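We did not get these values from a lab; they are worked out from the coordinates using the rules stated. Just so we're clear, the structure is a prediction, and the values are computed from it rather than from any experiment. Note that each Cβ is placed from the backbone with ideal geometry, even for glycine, and that neighbours are counted across all protein chains shown.
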Amino acid sequence: MDRIVDQAWTLLLANVTNKRCILRPSMGSEIDLYVPQSRLLYLAESNPAMPRLLYLASQSAAQRNAYVIVRRLSMPADYFWKFEFWPKERAFATLDKIMTRVFSAIMSQAKQGTMKIEGVAVDPLRITVSFRDCVECAGITGLKNGICYYHAGTFSGIMSALINRDLDAFETACCAGGDGSCTFVIGDKNDQYVKTSHDAYVSPHKIGADLVARLEKSLSNAPVRALGNMVDINYLRLVVASTLLANPQLFASTSFDVGSQLGRKLAPVLTKFYGHDGLENIAAYYQQLHELNVEIKEQKPNLGLVISESPECSRNNAGMEMMSFLLGELQGLASGLTKTELTLRESRFEDDNLVVTFEPKV
C-alpha cells in the first residue's frame, strides 16, 4: 500500500512539473469527486475508528513524501533550523512561499482544493491553513463537525516534514457545516490544547452525511464547488490506499461489506434517476461519474462483469485489496437492481481489466 501511495504522490508532482501521465485512454485522468467522498464518508460512518486511522495514514504518507519532494528541490535539510526562534513574519513568509510553490500547486493542479497559510504563531506553535473548494466535503451540507480527516493528516504531515517537528492538526471550520472554506490548526503534538482538540476531532460520535442527496447532485451535474465536480484520479488512489494501510486484508474485507451496503442503498436512486430497472443502470452510473467502463455478460443464473479503466484496477496494485470497496458496491448494486441476493464468486485480472462473476446466494 505504501508503494501505491508513493506512486500517486509522484504522479501528482509530475502534473505540476508538466510531466503528466495519461493513465486511462478513454476515461481521462479525472473522476467525479463523489467517488472518493462516498468511500471515505461511508467507511467513517460504519467504523468509528476510521477517521483516526485515515488521519494517521495520510499524515505518515504526506510526511514521507514531503521530505522526498523538498530534497528533490534541493532544499537543505536544516532549512528551518531553530524555527521556534524565528520572528513571526519570517516564519509566515517562508512557510507560505514553500507551500504555495510546491504543495498548494500540487493540490490545485489535482483539483483537491486551494490551500493557503493564513497565519503562523511560533510560541506556542500554531499554523492556520485554509482550504477552499475542499474535495473531501464539497456538496455535503448540514453537518456540525469537520469531516476532512484525510487533509488534516496531509497538512500536519507536510508541516512536520518541513520544520522537523511532531505535529498534529484539527479542523475548526468546514464547508460541510456551511463555512466558506475548511480551516485547520496545526501545532505541536505534545501541546495540551492541540492534543485535546485533535483527539476530539478524530473521534466523532456521528457524521450523518446524506450520500444519497450528494449522489443526486452529481447525477444531475449540479455544481458543488467553484473548481468543478472533478478531481485527479490519483487522489482517489491515495484515499483508498489510506483506508487500507493499517491492515490491508482486514480493512479490505470491511470495505467490501460497507461497499455492498452502499450499493444496495444506491440501487433505487439509480432506478429513479434513469427511469427504469435493469443492469444497464450500473454501466450508465459508473460512466457518468467517469469512474470506469462496465461490460455486462449475463450467464444466468450468474452475472459476469468486465471492468476496464478503473482508477484502482491494475495488476501492478498490491493484490485485490484496492478493489474491495468497488467489488462490494457492485455486488450491492447488482443485488438491488435484479432484486436477487447475489454474492461474489470470482474476481481476477485479465491484462488491465477486472473480470468479476456474481452468483445467486444459496
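Can you tell me the equivalent ellipsoid semi-axes for the stretch 229-299? Use √(5λ) from the Cα gyration tensor, largest first, whole Å. Don't jump to the answer; show the numbers that get you there.
Working: eigenvalues 131, 52, 29 Å².
Equivalent ellipsoid of the stretch 229-299: 26, 16, 12 Å, largest first.
Amide H to amide H under 5 Å from Arg345: which residues, 5+ apart in sequence or cross-chain, H placed 1.01 Å off N in plane?
Answer set, sorted by chain and number: Thr357, Phe358, Glu359.
Calculate the translational D of the stretch 182-301 in whole µm² s⁻¹ from Stokes-Einstein, where the hydrodynamic radius comes from the Kirkwood formula applied to all Cα pairs, the temperature is 4 °C and the viscosity 1.567 mPa s.
The Stokes-Einstein estimate is 72 µm²/s.
When all C-alpha to C-alpha distances in the stretch 1-128 are sorted into bins of 5 Å, what percent of pairs does each bin hold, rounded to whole numbers?
Bin by bin from 0 Å, the calculated values are 2, 8, 14, 18, 20, 16, 11, 7, 3, 1, 0.
Starting at the first residue of the stretch 134-150, write each ³J(HN,Hα) from the Karplus equation 6.51 cos²θ - 1.76 cosθ + 1.60 with θ = phi - 60°, in whole Hz, x for Gly and Pro.
Ordered by residue, 3J(HN,Hα) equals 4, 5, 6, 10, 4, x, 8, 9, x, 8, 8, 10, x, 10, 9, 5, 4 Hz.
Taking only C-alpha pairs under 8 Å that are 6+ residues apart, what is the relative contact order of the stretch 11-126 in percent? Please list the in-between numbers first.
Numbers: 55 pairs, mean separation 29.9, N = 116.
This gives 26 percent for the stretch 11-126.
Return the single residue from Tyr193, Tyr150, Tyr274 with maximal mean-square fluctuation; model: Gaussian network over the chain, springs between Cα atoms under 10 Å.
In the Gaussian network model the winner is Tyr193.
Using a 7 Å offset from Cα along Cα-Cβ at Ser253, what residues in the stretch 327-362 end up with backbone N under 16 Å from the label point?
Those under the cut-off are 328, 344.
If I fit a long axis through the Cα atoms of helix 34-46 and take the longest principal axis of the Cα atoms of the chain, what angle between them do I get, 0 to 90°, rounded to 10?
With rounding to tens, the tilt is 90 degrees.
If you look at just the Cα atoms of the stretch 2-219, how large are its Rg and its Dmax in Å?
When restricted to Cα atoms, the stretch 2-219 yields Rg and Dmax of 17.2, 53 Å.
Compute the relative contact order of the chain as a whole-number percentage, counting only Cα pairs closer than 8 Å that sit 6 or more residues apart in sequence.
Details: 666 pairs, mean separation 70.8, N = 362.
Relative CO of the chain lands at 20 percent.
Among Asp133, Asp78, Asp232, whose mean-square fluctuation peaks in a Gaussian network model of the chain (Cα, cutoff 10 Å)?
Asp78
Who wins for biggest fluctuation among Ser46, Ser181, Ser74 in a Gaussian network model of the chain, springs between alpha carbons below 10 Å?
Ser74
Under the definition of Cα pairs under 8 Å and six or more residues apart, what whole-number percent is the relative contact order of the stretch 121-259?
Answer for the stretch 121-259 is 25 percent.
Net charge near Gly259: determine it from the other residues with C-beta under 11 Å of the C-beta of Gly259, scoring Lys and Arg +1 and Asp and Glu -1. Before the final figure, lay out each step's value.
On the way: positive: Arg39, Arg264, Lys265; negative: Asp257, Glu329.
My count for the surroundings of Gly259 gives +1.
Starting from the amide H of Thr172, placed 1.01 Å from N in the peptide plane, find each other amide H under 5 Å away whose residue is 5 or more places distant or on another chain.
For Thr172, the qualifying residues are Thr183, Phe184, Val185.
Return the long-range amide H neighbours of Leu292 (sequence gap of 5 or more, or a different chain), with a cut-off of under 5 Å between placed amide H atoms.
Gln287
Suppose the Debye formula is applied to equal point scatterers at every Cα of the stretch 248-360; what is log10 I(q)/I(0) at q = 0.14, 0.15, 0.21, 0.24 Å⁻¹?
-0.51, -0.59, -1.20, -1.55
Where does helix 88-98 land angle-wise versus the long Cα axis of the chain, in degrees 0 to 90, nearest 10?
Approximately 40 degrees, to the nearest ten.
With a Förster radius of 41 Å, plug the Cβ-Cβ distance of Lys339 and Arg64 into 1/(1 + (r/R0)^6) and report the FRET value to the nearest 0.05.
Values: r = 47 Å, r/R0 = 1.15.
Plugging the Cβ-Cβ distance into 1/(1 + (r/R0)^6) gives 0.30.
Which entries of Lys88/Lys189; Lys265/Lys339; Lys217/Lys297; Lys300/Lys361; Lys97/Lys195; Lys206/Lys265 have Cα-Cα distances beyond 23 Å here? Can you show the working numbers first?
Numbers: Lys88/Lys189 20 Å; Lys265/Lys339 13 Å; Lys217/Lys297 30 Å; Lys300/Lys361 13 Å; Lys97/Lys195 28 Å; Lys206/Lys265 19 Å.
Listed pairs above 23 Å: Lys217/Lys297; Lys97/Lys195.
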